[in-house]
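The values are calculated or read from the model by the stated rules, or taken from the named source; none is laboratory data. Bear in mind that the values here come from a model prediction, so they are computed numbers and not experimental data. Because the Cβ atoms are built from the backbone with ideal geometry, glycine has one as well, and the counts that use them run over all protein chains shown. Heads up: the accessible areas ignore ligands, DNA and RNA and are worked out on the full protein's heavy atoms, side chains in. Shrake-Rupley method; radii C 1.70, N 1.55, O 1.52, S 1.80 Å.
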Amino acid sequence: MSASASYSAKRLHDPFTVYILLNEPLTFRVNEILVALRQDYPGLSWSDTLEFDGLVDTAQFGLGLMVADGGEMREAGPISFATLPGRCEVGWEHVLKTSFNSFPDAAQAVAQHVSYLAINVPSLDGTLAARFDAARRVTCIGAIFAKLPICVGVYNPSADLIVSPKGWVEAAATAMAAKVPYLQWISFGVRPVPDGGTPVPVTVQSIGLAAFPGFEVATLKARLPAEEVLRYTYAGCAMVMEHGFEFRDGDTLGREAGGE
C-alpha cells in the first residue's frame, strides 16, 4: 500500500474538524450550543442532558465537551470544543489558493481573525453513512457559530478550504436535506502537466473525499479542457458519495463515442 493510500485509509478514523475564525474572542456554555442546535436543526437527534456544561472562552486555553449525561452520546462520539489564545496559525498560503474561487475574501478573513474555535466530531464507525452523519453534525455545529456577526470564516482542513460564514450556513442546510455540500466539504486541485503536446494535459484530484470512503478521486493527465476534467472528477466523487459506487480497473467515465 502506498503512503498516500495509507493516509487516505486513515482518514476514515479521523474526527471531522472545523475551525471557526473570529474577529474577537467568544465565551459560551456548551449547553447553549445544544439548545441552539435543537432550535435551528431539529432534524438531528441530540441527547437530552449533558454530563458537563462547561464554560468555553476562545481567549484562553480550554476544552469543552458535549457528552451525554451517563456516557457518550448514542448519536455521535464525544464532541469537543478546543481553544487556544490568539490566531489560528496554519500554512495559509496553500489554503488561500485553494479557496480563492469559492471565497474571494478568504485572505481578508485570515487577516481579520484574532481568535478561533476548533470543533471535533468523531463518527460512530467508518461506514459512509456514519461518516456523512458526523460531517453533517460538525457542519451544523459550525453553522451555529457562523451565524454570529463576529465570525469571518470557517476553515475546513479536510478540504484545504476556507468557507465564508454564509457558505457554511448553506452547507448545513444542504446536509440537513440529506445532500452533499460539495463546495464546502470537497475541493479540487487542478494541475497542468506539460508533456510537449497540445493541448497541455491536466490532472485534477479531489481534496477531502477520502474522509468519507477512504480514498480520493483523480483524473490523471487528461488532454481535455480543465473545466471538462473537473466535471469528470466531480462526477466521480458524486457517484461515490451519492450512490456508493465502487470503481474497478477498466471502468470508464465520459463520452462513449469520442476519442477522449
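Data overview
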quantity: Single condition L21 does not satisfy, out of (1) out of contact with any His (no Cβ under 6 Å at 6 or more places or on another chain); (2) modelled with pLDDT of 95 or more; (3) in a strand (DSSP E or B); calculated: (1)
quantity: Candidate set: segment 174-189, residues that are small (G, A, S) and part of a loop (DSSP other than H, G, I, E, B); chosen: the one most open to solvent (accessible area, probe 1.4 Å); calculated: A178
quantity: Only one of L44, L37, L63, L12 that is in contact with a helix residue (DSSP H, G or I) (Cβ under 9 Å, 6 or more places away or on another chain), modelled with pLDDT of 90 or more and either outside any strand (DSSP E or B) or not polar (S, T, N, Q) (or both); calculated: L37
quantity: Subset of segment 202-251 (residues that are more than 17 Å from I186 (Cα to Cα) and part of a strand (DSSP E or B)); calculated: V202, L220, K221, A222
quantity: Filter pass, L161 being surrounded by fewer than 19 Cβ atoms within 10 Å (Cβ to Cβ) and either under 18 Å from V114 (Cα atoms) or of a type in the set (A, V, I, L, M, F, W, C) (or both); calculated: no
quantity: Cβ-Cβ under 7 Å pairs, at least 6 apart or on other chains, segment 125-150 side farther than 23 Å from L26 by Cβ and open to solvent by 30 Å² or more (accessible area, probe 1.4 Å), far side aromatic (F, W, Y) and part of a loop (DSSP other than H, G, I, E, B); calculated: L128/F212; F132/F212
quantity: Matching residues, segment 10-42, being under 20 Å from the mean Cα position of the chain (by Cα), open to solvent by 40 Å² or more (accessible area, probe 1.4 Å) and not charged (D, E, K, R); calculated: H13, P15, Y19
